[in-house]
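First the structure, in the form of C-alpha cells, and then the observations on it.
The values are calculated or read from the model by the stated rules, or taken from the named source; none is laboratory data. Note that the structure is a prediction, hence the values are computed from the model and not measured. Because the Cβ atoms are built from the backbone with ideal geometry, glycine has one as well, and the counts that use them run over all protein chains shown.
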Amino acid sequence: VAVMDHGSQHGTFVNHRRIDPWQPELLQKGGSVRFGGAGAPVYRLGCVSSYQVSKRIEEQTKKLDAQERRRDREREVEEGLEEASQAQIAVKAARREEKRSRRARERE
C-alpha cells in the first residue's frame, strides 16, 4: 500500500515523518499515517483496536449462538417427527390388532 500527498497545506506523515508532495510513499504493516497537523488522527496499517476486536468477537458469538439455537430447533422438530411417526405406527398396529380380535370374535 502506498500513500501520496497531493500538495496539502498541513502535509501527510508516514511514521511521524512528513513525506514529500507528489512522491508515493510505501507503507509497511504496523506503520503509521497521519493526514494533517499534530491534532489529526493517526492510522496504523494492519492493526485493529481492542474495540474492533471486541465487536468482532461479539458479532461472531451472536452468529454462533443463533446457529446453535437453529440446530436445537431442528433437532427438536426431528425428534417430534420421529415420535409422531412412532405414534402413528403404534396406532396402526393397535387398529390391526383390533380388527383381528373382531374377526376372531365373529368366527366364534
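Matching residues to (1) charged (D, E, K, R); (2) surrounded by fewer than 10 Cβ atoms within 10 Å (Cβ to Cβ); (3) modelled with pLDDT of 90 or more:
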| site | (1), (2), (3) |
| --- | --- |
| H10 | no, no, yes |
| E25 | yes, no, yes |
| R44 | yes, no, no |
| Y51 | no, yes, no |
| Q67 | no, no, yes |
| R96 | yes, no, yes |
| E106 | yes, yes, no |
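Being over 40 Å from the mean Cα position of the chain (by Cα) and small (G, A, S) is the requirement here; does G7 meet it?
Answer is yes for this residue.
Within the range 28-41, identify whether any single residue is part of a helix (DSSP H, G or I), surrounded by 10 or more Cβ atoms within 10 Å (Cβ to Cβ), without any contact (Cβ under 8 Å) to a residue 40 or more places away in the chain and out of contact with any Cys (no Cβ under 7 Å at 6 or more places or on another chain), and answer yes or no.
No, every residue in the range 28-41 fails to be part of a helix (DSSP H, G or I), surrounded by 10 or more Cβ atoms within 10 Å (Cβ to Cβ), without any contact (Cβ under 8 Å) to a residue 40 or more places away in the chain and out of contact with any Cys (no Cβ under 7 Å at 6 or more places or on another chain).
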